[in-house]
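Derivation of every value follows stated rules applied to the coordinates shown; laboratory data play no part. Here the structure is a predicted model, which is why all the values come from computation and not from measurement. All Cβ positions, glycine included, derive from the backbone under ideal geometry; neighbour counts span all protein chains shown.
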Amino acid sequence: MVVRSRRTVTPEGERPLAVAVRGGVIAALRPYDEPPAAEESADLGDLPLLPGLVDSHVHVNEPGRTHWEGFATATRAAAAGGVTTIVDMPLNSLPPTVDVAALDVKRKAAEGRCHVDVAFWGGAIPGNLADLRPLHEAGVAGVKCFLSPSGVDEFPALDRDGLRAALAEVATFDGLLIAHAEDPALLSEPGGPAYGDFLGSRPQEAERRAVEQVIELAAETGARAHIVHVSAAACVEPLRAARTAGVRVTAETCPHYLTLAAEQVTGPAYKCCPPIREAANRDALWRALADGVLMGIVSDHSPSTPDLKVPDFAAAWGGISSLQVGLPVVWTAARARGHGLADVARWMAEGPARLAGLPGKGAIREGDDADLVAFDPDAEFTVDVAELHHRNPVSPYHGARLAGVVRTTWLRGTPVDFATPRGRLLTRGAR
Ligand SMILES: [Zn+2]
């Protein structure tokens, strides 16, 4: 099979190329005008061809809270949004993925239901230190911990000593610990039901202090650590200094922190933790992406049923659904800021693939999986939650006018048809 595009997005930039696929793998990259002979071919002309995106931060919630989201619905949404690999978070499903037995339960729930490839994070909670190495050996991408309450009782947070112990443990097998970084000592109960009350209860300083703690303990233990969903501009300078000092800490952000603002919040569809902050905060996050202090953009797709999104920001479920629309949301804003498709591919495919230890994913490169997306960057559409594959029709992007439409998504060389689940369950480092 050959897919040709004059705008094939590679790690070296946009190139006129013919992508030859054999056995689900990119067998060769040839000049656009010299495609190799093939049984099947698609010529996209000037329509860009992107690598399939890798979303390393998705809460699928199956088993246990499948009514919030499940593997079939989440992976259909992913494919429709140009995402060909997701990495599932260890909490909100039941049991949480905090030991190998729970990972097996999760993998059985996913088996045969996935329309894109799926890898898994494990969890680090108080009392499961001895499970971290077995989880690593079973192929999780790494282990996730919370430094503040997670929102679900079965996944408690680590305190400072627990964080140090978890980092010291993952350092013994050169694993990866990823952290939800808000310092609980600097969080408070919202003083009322309004968005301003909620935002005031989770200040930038809480994020910055927690990020500094992870940096300090990663430096002390030599472990590799990663900060999930950075929302606060105040975290950028500590992260930059850590990188300069050679501490092994990376960080990501999310579409909502880059494109939404506290000033425009209209209801609980916008609630997430850490919170969406003031518009002025976003510029620093975009600059940090441009200079590499933030390595990627991932959805933190964390749905619930609509009844939990009550119109009281103190009580509503915190989580934003955006798996299917993350690419156009980011592209619309990135383009307005002068970024190109190669930047978006670096942030939404290559970076997360490297973070999660998934060789063969995240780039259009000879030898990699032929996960490809035909993407029309100029076509516009209006988001209608009722038309998304997400299980529950809740989204802060409902009604938004966005640029960028996914035309076709290929998973290992085969177009996703939304009926036949061809996704594989991935283990870290495996091809
Ligand atoms: Zn999350």
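Summary of values
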{"quantity": "Net charge of neighbours whose Cβ lies under 9 Å from the Cβ of residue 207, counting Lys and Arg as +1 and Asp and Glu as -1", "calculated": "0"}
{"quantity": "Spacing of the two label points (7 Å from each Cα toward its C-beta) at residue 43 and residue 307, in nm", "calculated": "5.6 nm"}
{"quantity": "Mean separation of Cα contacts under 8 Å (6+ apart) over length of the chain, as relative contact order %", "calculated": "21 percent"}
{"quantity": "Helix axis angle, 100-110 relative to the chain longest principal axis, alpha carbon, degrees", "calculated": "40 degrees"}
{"quantity": "Computed over the range 89-217: relative contact order in percent, which uses C-alpha pairs under 8 Å that are six or more apart", "calculated": "20 percent"}
{"quantity": "Per-selection Kirkwood Rh - the chain (Cα, Å, 1 d.p.)", "calculated": "21.5 Å"}
{"quantity": "Shape category assigned to the range 289-390 from the gyration tensor of Cα positions, a/c cut at 1.5", "calculated": "prolate"}
{"quantity": "Cα long-axis angle, helix 280-290 against the chain (0 to 90 degrees, to the nearest 10)", "calculated": "50 degrees"}
{"quantity": "Top positive-direction residue, dipole computed over the range 226-368 with Cβ charges, set 261, 345, 334", "calculated": "345"}
{"quantity": "Spatial separation of Cα centroids for the range 135-190 and the range 271-345, in angstrom", "calculated": "22 Å"}
{"quantity": "Cα long-axis angle, helix 326-336 against the chain (0 to 90 degrees, to the nearest 10)", "calculated": "80 degrees"}
